[in-house]
Amino acid sequence: MSFENLHDDHTPKSTEVFLDTSIHCSLLKGSLFRDRIARVLGLFPWKGTSSYTKTEYGNVVLSQAEYFLRKLNELGSLEKIKSFVGNVLFHRYHQQKVLWSFNLLEGHYGADDAECTERALLSLRRLMKLGLAFVEEQCDRPIENGTDCYWAKTGVHKRKDGRLYWKPPKCNRDQKRCRLDEFFTSNSKLFVRIKEAIDAMPEDRKTEQLRGFSEVIEKALDDPTILLDYRTGCRRLADAIIAVDGQGYHSMFSQNKMESELLTEVLGQVFYYLPPNPEKGVLVQDNLEITP
């Protein structure tokens, strides 16, 4: 199934669209992303997502916002932290920090570095205070909550000195905090279909993430509780978990091409793809078959 450009006269086949984590994060990547996202969202009266995307958003965005807040307070200068991220940190070890420094630290203008620094601090603090509610604000309630993710309910933490921080998930099967194992069991046939589709792909088209999906699904079929171990189970299957949570939607919006292309094909959804390059606009792949 090939992609087509999203034209102005495009008419969706459904009234609702499901947003994966990449779209929530891309809303913070500047106007070249926001404008195209708004174009797609304007086509649908109902926008949905999974509670699990809140956890992933925290891992991607809030963890970086917390880091920049800490470094700004330590260095006391926006100019110094931008120089530190760009020139001191090794890119191969801190790719996310380099990427998000452009999105979270740019655009704070003032008469001098002190004014720019204060505006950056205020912006990052607002982002941390909003926390996971940022995801909820983009969508209509109730959002899908098949996994009952503990971290999606916990949100941002507050230290004794008042500083806000994002605590990365540390779940394990010895302390069950969600119903992900039950969610997997009740949707095992669909997860098997995802695994079979991945295994049938040519090896040169399988991303590391898709291979991870297949491996984790195979293990979870024998013991679903392995998914409760975040680093080796839950985390490696994240995008597939989110997609299955949104199986009731006919349309899916994502910036992850390879993974979402396969997942929407298995789920029989229309895939709205947001390429990184704005010159490509928005692409659409129609996998939906509606029976009269």
Relative to the longest principal axis of the C-alpha atoms of the chain, give the angle of the C-alpha long axis of helix 78-87, reported between 0 and 90° and rounded to the nearest 10°. 60
Longest span of the chain, sites excluded, free of GluC sites (Glu not before Pro) in DSSP loop with at most 13 other C-beta atoms within 10 Å? 107-288
Report P(r) for the chain: all Cα-Cα distances, bin width 5 Å, range 0 to the bin holding the largest distance, values in whole percent. 1, 5, 11, 14, 17, 16, 14, 10, 6, 3, 1, 0, 0
Would you mind counting up the charge near residue 29? Only other residues with Cβ under 13 Å from its Cβ, with Lys and Arg at +1 and Asp and Glu at -1. 0
What FRET efficiency comes out for residue 208 versus residue 113 if R0 is 45 angstrom and r is the Cβ-Cβ distance? Round to the nearest 0.05. 0.65
Lys/Arg Cβ at +1, Asp/Glu Cβ at -1, dipole of the chain taken about the Cα centre: which of 19, 242, 103 is farthest positive-ward? 103
So residue 96 and residue 34, fully extended at 0.36 nm per residue minus their Cα-Cα distance, gain in nm 20.4 nm
With +1 on the Cβ of every Lys and Arg and -1 on the Cβ of every Asp and Glu, the dipole magnitude of the range 13-286 about its Cα centre, in debye rounded to the nearest 20, is 860
What value, in deg cm²/dmol to 500, does the helix sum -39500 (n - 2.57) over DSSP H runs of n ≥ 4 give at 222 nm once divided by the residues of the chain? -14000 deg cm²/dmol
Which net charge results when you count Lys and Arg as +1 and Asp and Glu as -1 among the other residues whose beta-carbon is under 12 Å from that of residue 116? -3
To one decimal place, what orientation-averaged projected area in nm² is obtained for the convex hull of the Cα set of the range 226-292? 5.6
Could I have the simple spin-label model distance between residue 173 and residue 188, label points 7 Å from Cα toward Cβ, reported in nm to one decimal? 1.4
Counting Lys +1, Arg +1, Asp -1, Glu -1, what net charge surrounds residue 13 among other residues with beta carbon under 13 Å of its beta carbon? -3
Placing each pseudo-label 7 Å from Cα in the direction of the beta carbon, residue 196 and residue 84 end up separated by a distance in nanometres of 5.3
Given a cut-off of 29 Å, name the pairs among 71/160; 47/219; 97/280; 13/170; 13/219 whose C-alpha atoms lie farther apart than that in the structure shown. 47/219; 13/170; 13/219
Restricting attention to the range 168-270, which trypsin sites (Lys or Arg not before Pro) occupy a DSSP loop and are surrounded by at most 11 other Cβ atoms within 10 Å? 170
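Throughout, read-outs are computed from the coordinates displayed, never taken from laboratory work. Since the model is a prediction, treat every value here as computed from it, not as a measurement. Neighbour counts are summed over all protein chains in view; Cβ atoms, including those assigned to glycine, are modelled from backbone coordinates with ideal geometry.
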